[in-house]
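See structure below.
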Amino acid sequence: MNLATRRWLPHTIAVVGLLVLLYPLAWLLATSLKPADEVVTSLDLWPSRLEWSNYTTAMDGVSGVGVTRLLWNTVLIAGGAVIGNVVSCSLAAYAFARLRFRMSKVMFAFMVATLMLPHHVVLIPQYIIFNQLGMVDTYWPLILPKFLATDAFFVFLIVQFMRGLPRELEESARIDGCGPFRTYWAITLPLSRPALITTAIFTFIWSWNDFFTQLIYLFAPEKFTITLALRGFVDQSSTSAYGPMFAMSVISVLPIVLFFFVFQRYLVQGMATSGLKG
Amino acid sequence: MSTVSTRAPARAGRTTKPDPPAKRRRRGRERQWPAYVFLTPWMLGAAVLTLMPMAVSLYLSFTDYNLFDPPKWVGLRNYTDMLTEDPRFWRSVGTTLKYVVVAVPLKLLLALGAAMLLKNLGHGRAFYRSAFYAPSLLGASMSIALVWRALFNDGGSVSHVLNAVGIDAGGWVGDPDLAWLAVVLLTVWQFGAPMVIFLAGLMQISPDLYEAAALDGAGRWRQFASVTVPMLSPVIFFNLVLEMIQSFQVFTPAFAISGGDGGPADSTMFYTLYLYERGFTASHMGYAAAMAWLLLIVIGVITLILFRTSRSWVFYSDEEGR
């Protein structure tokens, strides 16, 4: 290989790979704007005319529940999950990373082990509990567990981050008379901001994308999330509804795309460190 | 931002003598109760939402239970029924195993290949890293699953492209032999997450090692086999375990591509989809609990085997993995 090929070949592969990778997204956007008769007949990504009415149809939502309501419901769940995870996971992480207590090793090992636990093993009893509490068909089963630090992944992520922080500040805070609560609140938490942001974004995206838990716990259409609304299209095979259906899909992935553009540094960095420190 | 873990400080001080009586310890170090205050939410969750449910679902797996009537003890019948009298169960096991065995290695190979490509890219690396990573965030969503269903449907883009290159292909979604492959490709599409981890690992391999290998006359392939793979083996191992565990639990794409019922002909009846159907559609909660425990055992055994074999191929350069 001569020098020029060696320089350009990786770039060429990267560009081609990127195009293949992005095709489904381009297709999604294109189809959401295509007139009904063009969806199947034309492979052309560019619609002959932009059918904005797909979006106005999509905004009507499903079963009389509009998309704004569906989005608001989803934001409510994802927002609650974010607050829960950031609070409870950072509290637990601080204890694991900085405090000494009996059984700390056993508890930490248990926490790491739950990282690998398939959710299905606790699914049915959790359902029974929430059913007993009268919380089925409310948002509590989707939010409450987050306030109890059940997402071990984030506890682990924040522990690893806190362990990497220099101890000097905390030491001097202690000498100045700060107890563990002051130190956590005034020193460790602000320093852990990157890990907390990573936790918040991942929690938001994962709750936003979640389908299984919502499918099991939510029944009333007015409580539906955007994902549950889209589910109604799953067993529909006619292509005539493609326009509005994919317009709604675009609306539902838009927040994730926005988050990605704004926070990609935290997302990529969080992913990279979680793996290496494991 | 450094990606190297600094675990040493946390361990320092652990080797001191057994703690002196509480009263004589220096202040700030000795009190344990604040730690438990910090841990209260987590301990509550671990007890009420993890440990207890695990025990309860183990118990339920030996019962007949429909959520409304009290559970009826049936001994091992759920397990024996499952293993001897339920062809749909075996179908779901077959589909899921086939999927895991194909999707995981394919995804990891692509991730490793892309990471090596990006490492050598220099200029533009950060851009491509982010762009390749994006599908990993979107791939789990219902929207993308619906896109996939449309792309692989009869008359979708995939059949068009295959027909154009001379392969006579209909829709994969309606074909019992091919529908699961559409799910595989959706998984592989999300290779960005393991790629990011691989890339971070690759960047930590000291260039000195490659230089030394080159001086010893190692070609590119030899450098890959003798430097890259051993140095990267902890990361490969981590990704392998993680992806394996996740793949066994695939749900949303299977749900969407199968039209919600595992079709056509149960060919996309993935394990978790069947578990959902048994437990929540057919109200055989005991049976579903038994399926869940079997899944836990299978994942546990495979993880254990991977950990065992890892001793012979995973190479830790020193204690702290630096």
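The values are calculated or read from the model by the stated rules, or taken from the named source; none is laboratory data. Values in this document were obtained by computation on a predicted structure and should not be read as measured data. We place every Cβ from the backbone using ideal geometry, glycine too, and count neighbours over all the protein chains shown. Please note that ligands, DNA and RNA were not included when accessible areas were found on the heavy atoms of the full protein model with its side chains. Shrake-Rupley method; radii C 1.70, N 1.55, O 1.52, S 1.80 Å.
Distance between the 7 Å Cα→Cβ label points at residue A:176 and residue B:48: 3.7 nm.
One way to sum up the overall shape of chain B is the equivalent ellipsoid from its Cα gyration tensor, whose semi-axes run 39, 36, 18 Å, largest first. Per residue of peptide A:143-154, the mean number of Cβ atoms on other chains within 10 Å of the residue Cβ is 4.
The calculated FRET efficiency for the pair residue A:262 and residue B:97, based on their C-beta separation and a Förster distance of 56 Å, comes to about 0.90.
Summarise the accessible area of chain B (1.4 Å probe, protein heavy atoms) by the percent that is carbon and sulfur.
Answer for chain B: carbon and sulfur cover 64 percent of the accessible area.
Taken along its principal axes, the alpha carbon cloud of the protein assembly as shown reaches lengths of 82, 75, 50 Å, longest axis first. Under 16 Å from a label point set 7 Å out along the Cα-to-Cβ vector of residue B:33, the amide N atoms of region A:141-179 belong to A:179. Counting, for every residue in A:98-107, the Cβ atoms of other protein chains within 10 Å of its Cβ and taking the mean gives 5.
Within the listed set A:243, A:80, A:17, the residue fluctuating most in the Gaussian network model of chain A (springs between alpha-carbon atoms under 10 angstrom) is A:17. May I ask for the angle, rounded to the nearest 10°, between helix A:67-98 and the longest principal axis of chain A, with both axes built from Cα atoms and the value confined to 0 to 90°? Between the helix axis and the principal axis of chain A, the angle is about 20 degrees. Accessible surface for region B:190-322, divided over its residues, is 42 Å² per residue with a 1.4 Å probe.
Taking the mean number of other Cβ atoms within 10 Å as a proxy for protection, how do you rank B:77-83, B:169-175 from highest to lowest?
B:169-175, B:77-83
So what's the angle, to the nearest 10 degrees on a 0 to 90 scale, between helix A:104-114 and the longest Cα principal axis of chain A? On a 0 to 90 degree scale, this one is about 10.
In the context of the full set of protein chains, region B:60-147 has a per residue accessible area of 45 Å² (1.4 Å probe). Under a 5 Å amide H cut-off, with hydrogens placed 1.01 Å from N, residue B:64 pairs with B:72, B:73, B:74 among residues at least 5 apart or on other chains. Charged neighbours of residue B:290, selected by a Cβ distance under 12 Å, balance to -1 (K, R count +1; D, E count -1).
For the interface of chains A and B, what total accessible area is buried with a 1.4 Å probe, rounded to the nearest 100 Å²?
8900
Classification of chain A by its C-alpha gyration tensor yields an oblate form. The axis ratio a/c (a ≥ b ≥ c) is 1.5 or more, and b/c is at least a/b. Shown for the protein assembly as shown: lysine pairs separated by 8 or more places, or found on different chains, whose C-alpha atoms are under 27 Å apart, numbering 10. For region B:251-267, a decrease in accessible area of 20 Å² or greater in the assembled protein chains relative to the isolated chain, with a 1.4 Å probe, applies to B:251, B:252, B:255, B:259. How tilted is helix A:152-163 with respect to the longest principal axis of chain A? Cα atoms for both, answer in degrees (0 to 90, nearest 10). Roughly 50 degrees, rounded to the nearest 10.
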